[in-house]
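Q: Quick one: the structure is below, and I'll ask about it shortly.
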């Protein structure tokens, strides 16, 4: 187990470094936006990773409701927390990209609003876990996770129509529109790197929550500081 | 006793208790009125612009008022250990949920019926689109708020600062429904744009989340 | 462009902050475990 962890850590570090090089140096500069466009290589992979983590959280929450396995619950918390971290990255890098390109920090367009709502939903999940005094917190949190994820398609649908009714700032054409294959490669490399990084951090969070579970079993009357 | 009978009995009990004390209705009404007045200070309600903004205002006011009602949904049950008794009884858990949700729906619907004319007076509203469509939107929207709200109120029973926890977990998940109800109301009031997509979205939202609530309520009842 | 550097720096700052939070949690847990075993 230990060895697997070390291998994964090394692989992740290697991938991240290579992906950083690809994104900042090797990939060609975008025509209209210039160097700032390279934020894209961090922004998009983070968004995809966050969404994947929330999807895993949904599946694991359902598994928890069916089997009540404490490890499923621990994985649910880890994926939610790391997902919120990646979503925060998206919400921070987004405006930092928008400001030089569109001239504004934020706009209530469909994609940004939906991401913000996604962030709000999972932060509310984490708050529920922290503030719940019931011994059955994992069950209630799992139920909320199911609700939260089922809400996601509605969030996207509603925002798509609502925000496109209003005039939009010109959104860049998108890399898929006849993009240089080296850009796609850089993007994919960064995605792989961040997936590995997310797996590593989730694994850490999951493994490091084990003492908390043992403690809870040994003295169930005391809420230990892990709050997981 | 069947699901329908238990639901009916439980609902009748709640309605009777509410009729005698009028706790929820009074506090909701006054709160909604306060919200309406306070909002009137944030913009100048001339007839033309108010039609564009009124949709959002109305539903925000109703949302906050509904939270007042939702917060006390389970209070009586908690005080008298009814939930423990219910857990050991053979009665289906969904009967409790449905009766509570329908009860809350009736309270909020009464609130809306009383507040609507008031809104029309305060903001000089006159709907350009057909007014009966507003009723359809109101029914779907109120059910969306109340069904999820009743369920989440049950989830937040055993939390610190329970009254704050309910809006905290309810609002993010209700935002698509809120968006739909506000857009539909605005579309109908101003006569611009079609409300149909929003009404359909609300209906689908209602169906999906009511199903999930019914499927998971037993879990939550036994969990808290 | 300084926005590019800011974005990359912010990303890693956020990740490192979270990892620090995680390790602090773990350290506290480990201390509690040791205390418990001592008793």
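Q: So residue B:67 fits all but one of (1) part of a helix (DSSP H, G or I); (2) surrounded by fewer than 18 Cβ atoms within 10 Å (Cβ to Cβ); what number is the exception?
A: Of everything listed in (1) part of a helix (DSSP H, G or I); (2) surrounded by fewer than 18 Cβ atoms within 10 Å (Cβ to Cβ), residue B:67 misses just condition (2).
Matching residues to (1) closer than 30 Å to residue A:143 by Cβ; (2) surrounded by 16 or more Cβ atoms within 10 Å (Cβ to Cβ):
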| site | (1), (2) |
| --- | --- |
| A:4 | no, no |
| A:8 | no, no |
| A:23 | no, yes |
| A:28 | no, no |
| A:49 | yes, yes |
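Q: Go through A:128, A:117 for me and flag whichever is at the interface with chain B (Cβ under 9 Å from one of its Cβ atoms), crowded, with 16+ Cβ neighbours inside 10 Å, touching a strand residue (DSSP E or B) at 6+ places or on another chain (Cβ under 9 Å) and at pLDDT 90 or above.
A: Values: A:117 fails: touching a strand residue (DSSP E or B) at 6+ places or on another chain (Cβ under 9 Å).
Selected residue: A:128, the only one of A:128, A:117 that is at the interface with chain B (Cβ under 9 Å from one of its Cβ atoms), crowded, with 16+ Cβ neighbours inside 10 Å, touching a strand residue (DSSP E or B) at 6+ places or on another chain (Cβ under 9 Å) and at pLDDT 90 or above.
Q: Additional query: Which condition does residue B:82 not pass, out of (1) within 16 Å of the chain's Cα centre (by Cα); (2) closer than 22 Å to residue B:162 by Cα, if it passes all the others?
A: (1)
Q: Collect the residues in the range B:199-224 that are within 8 Å of another protein chain (Cβ to nearest Cβ) and farther than 20 Å from residue B:152 by Cβ, keeping them in residue-number order.
A: B:201
Q: Hey, another quick one. Given the conditions (1) surrounded by fewer than 16 Cβ atoms within 10 Å (Cβ to Cβ); (2) at pLDDT 90 or above; (3) under 25 Å from residue B:116 (Cα atoms), and given that residue B:44 satisfies all but one, which numbered condition is not satisfied?
A: Of (1) surrounded by fewer than 16 Cβ atoms within 10 Å (Cβ to Cβ); (2) at pLDDT 90 or above; (3) under 25 Å from residue B:116 (Cα atoms), only one is false for residue B:44: (2).
Q: Right, something else. So which of A:95, A:100, A:45 ends up being touching a residue at least 40 places away in the same chain (Cβ under 8 Å), within 12 Å of chain C (Cβ to nearest Cβ), surrounded by fewer than 23 Cβ atoms within 10 Å (Cβ to Cβ) and not in a loop (DSSP other than H, G, I, E, B)?
A: A:100
Q: Does any residue of the range A:73-80 turn out to be away from chain C (no Cβ under 11 Å) and surrounded by fewer than 21 Cβ atoms within 10 Å (Cβ to Cβ)?
A: no
Q: List the number of the failed condition for residue B:129; all other conditions in (1) more than 10 Å from chain A (Cβ to nearest Cβ); (2) part of a helix (DSSP H, G or I); (3) in contact (Cβ under 8 Å) with a residue 12 or more places away in the chain hold.
A: Just one mismatch for residue B:129, condition (2).
Q: Could you please find all residues in the range B:158-198 being more than 8 Å from chain A (Cβ to nearest Cβ) and over 20 Å from residue B:142 (Cβ atoms)?
A: B:162, B:163, B:164, B:190, B:191, B:192, B:194
The values are calculated or read from the model by the stated rules, or taken from the named source; none is laboratory data. In this text the structure is predicted, and so the values were computed from the model without any measurement. Cβ: placed from backbone, ideal geometry, glycine included. Neighbour counts: every protein chain shown.
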